[in-house]
Amino acid sequence: MGMTLDAAGQIIDTNPDAARALLYEARDASVKALAELRDLVRGIHPPVLADRGLADAIRALALDTPMRIHLASDLEGRPPAPVESAAYFAVSELLANVSKHAVARQTWIDIRHTDGMLRIGVTDNGHGGADLALRGAGEVGGGLRGIERRLAPFDGVLAVSSPPGGPTAVTMEIPCALSSPKTSSC
């Protein structure tokens, strides 16, 4: 892409049509590269997620955030790995949003599995105003819309309540079965 853009820059004054074609080529290459990177990132599991499961992986995320996070979970098994990964990265994105935008001091995360549904609630005591229709400047597939897209392949849904003045409450629901809890014979 860099060489294509350099070539376009060198000929833009003498041959604008050829430069335009090179710019389109670079744009198409960047779209393809971004899609490949997204596929790669989706396939990466943090070791704590693979080893210890969703609740412990989110607990580890919580340790790396500047605000106080309260976590409650009643999972008695593990969701399928793709669902677990989607849920983990969705919570990670929500915590990043809270840190960047909410001016919150505390966040509550509740993870449950009932009636064949993984339910994750993330609530903060920030100033509210989160909106699914809004995207940040320069944002490509991130934020709340990105979370919606992450959950969609699993028939998951995202609900947001964020009145001005707060609080913001986000609920994710993903239909899935849990594996049986592992037993140990110590």
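If you go through the stretch 82-113 and keep only what is aliphatic (A, V, I, L, M) and either in contact with a helix residue (DSSP H, G or I) (Cβ under 8 Å, 6 or more places away or on another chain) or over 26 Å from residue 153 (Cβ atoms) (or both), you end up with 83, 86, 87, 90, 91, 94, 95, 102, 103, 104, 109, 111.
On the stretch given as the stretch 76-110, residues that are touching a residue at least 40 places away in the same chain (Cβ under 8 Å) and either open to solvent by 40 Å² or more (accessible area, probe 1.4 Å) or in a strand (DSSP E or B) (or both) total 8.
Quick one: how many residues across the stretch 34-58 are open to solvent by less than 90 Å² (accessible area, probe 1.4 Å), modelled with pLDDT under 85, part of a helix (DSSP H, G or I) and not β-branched (Val, Ile, Thr)?
Initially, the stretch 34-58 is screened for residues open to solvent by less than 90 Å² (accessible area, probe 1.4 Å), giving 34-35, 38, 41, 43-46, 48-50, 53-58.
Restricting the remaining residues to those that are modelled with pLDDT under 85 gives 34-35, 38, 41, 43-46.
Among the residues that remain, those that are also part of a helix (DSSP H, G or I) are: 34-35, 38, 41.
Filter once more, so that each one left must be not β-branched (Val, Ile, Thr): 34-35, 38.
So the count comes out to 3.
Going by what's in this entry, would residue 23 be described as open to solvent by 50 Å² or more (accessible area, probe 1.4 Å), under 21 Å from residue 148 (Cβ atoms) and of a type outside the set (Gly, Ala, Ser)? Answer is no for this residue. Only one entry in 65, 14 is in contact with a strand residue (DSSP E or B) (Cβ under 9 Å, 6 or more places away or on another chain), among the polar types (S, T, N, Q) and not in a helix (DSSP H, G or I), namely 65. Condition check for residue 118 on (1) modelled with pLDDT of 90 or more; (2) more than 14 Å from the chain's Cα centre (by Cα); (3) open to solvent by 40 Å² or more (accessible area, probe 1.4 Å): one failure, at (3).
Looking at the stretch 139-179, which of its residues are assigned to a loop (DSSP other than H, G, I, E, B), in contact with a Ser or Thr (Cβ under 9 Å, 6 or more places away or on another chain) and among the small types (Gly, Ala, Ser)? The answer is 162, and nothing else. Residues in the stretch 147-177 that are farther than 22 Å from residue 115 by Cα and either of a type in the set (Val, Ile, Thr) or buried (at least 17 other Cβ atoms within 10 Å of the Cβ) (or both): 147, 162, 166, 167, 168.
The values are calculated or read from the model by the stated rules, or taken from the named source; none is laboratory data. Treat the numbers as computed from the prediction; the structure is a model and nothing was measured. So basically every Cβ, Gly included, is an ideal-geometry build from the backbone, and we count neighbours across all protein chains shown. When the accessible area is computed, the model is the full protein with side chains, heavy atoms only, and any ligands, DNA or RNA have been set aside. Shrake-Rupley method; radii C 1.70, N 1.55, O 1.52, S 1.80 Å.
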